[in-house]
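The next block holds one structure in the form of structure tokens; read it before the comments.
Bear in mind that the values in this text are calculations on the coordinates, not laboratory data. None of the values given here were measured: they were computed from a predicted structure. Backbone-built Cβ (ideal geometry, glycine too); neighbour counts: all protein chains shown.
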Amino acid sequence: MSTSQRPQTPREAWNALKEGNHRFVTESREHPNQDADRRTAIALQQKPFAALFGCADSRLSAEIIFDVGLGDLFVVRNAGQVLAETIIGSLEYAVEVLGTPLILVLGHDECGAIRATIDSTEGKLVSEGEFIHNLVARIQPTVEEANRAGKFDIDDITELHVQDTINELLTRSTLIANAVKAGKLGVVGANYRLSAGEIHPIVTIGDIN
Ligand SMILES: [Zn+2]
């Protein structure tokens, strides 16, 4: 899509992501905005139409799975998409400074970080990484909450983690919550299926549908 076609509203942005993912799934990708003209056109200013906060998993390559290009997505990722103050700050930047109308929180099936947290809950996590334990500890409350509700399946827990992440984001960031209330921002939580390449929405907030 050219700059003039940039999605402006939460609904337009979500539709653009859904359409791009559909092209990816059906092997009809257009590879937009990946040439030298685009590179030059946006060199002085970025205006991404969506922010993505997703798992760092190497199979979740944002621009590929949504068939977009340079300057389209503001991407923040870490293992298990675990919120931290720096991440909330990055997303606030996307909303306040870049005017991004959509935040997508993207988990996926068979997530290693969620699996490690399940293992930890069962006393089976073996890791020398001090900060791996720190990351797992941030997901742990969700796993315990799921277990209390009788849910032990990794995909159920991943869905709950996406919901909890969005709740935490909206609770901690007044700027983001206010942008949603003002109708300027939508937030979508979704799950990505690694094998099928498909995005499945779990929760939508704001003027999306
Ligand atoms: Zn993952």
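One table, with the values for the structure above:
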read-out: Sorted by Cβ density within 10 Å, fewest first, the residues 104, 60; value: 60, 104
read-out: Max mean-square fluctuation residue, GNM over the chain, Cα-Cα springs under 10 Å, options 140, 81, 34; value: 34
read-out: Charge tally in the Cβ shell below 14 Å around residue 166, where Lys, Arg are +1 and Asp, Glu are -1, residue 166 excluded; value: -2
read-out: Longest exposed-site-free window of the chain, the sites being GluC sites (Glu not before Pro) in a DSSP loop that have at most 16 other C-beta atoms within 10 Å; value: 129-209
read-out: Beta bridge orientation in the chain: antiparallel %, DSSP, nearest 5; value: 30
read-out: Phi-based couplings in Hz for region 151-162 (Karplus 6.51, -1.76, 1.60; Gly and Pro marked x); value: 9, 10, 5, 4, 5, 4, 5, 4, 4, 5, 5, 5
read-out: Residues 199, 139, sorted so that the one with the fewest Cβ neighbours within 10 Å comes first; value: 199, 139
read-out: Cβ-derived FRET efficiency at R0 30 Å, residue 133 paired with residue 167, nearest 0.05; value: 0.80
read-out: Fluctuation leader among 116, 13, 50 - the chain, Gaussian network, Cα springs under 10 angstrom; value: 116
read-out: Rg and Dmax of the chain, Cα atoms only, in Å; value: 17.2, 54
read-out: Projected area averaged over orientations for region 52-137, convex hull of C-alpha atoms, nm²; value: 6.4
read-out: Helix axis angle, 10-25 relative to the chain longest principal axis, alpha carbon, degrees; value: 80
read-out: For the chain, built as a Gaussian network whose Cα springs stay under 10 Å, the top-fluctuating residue of 197, 129, 80; value: 129
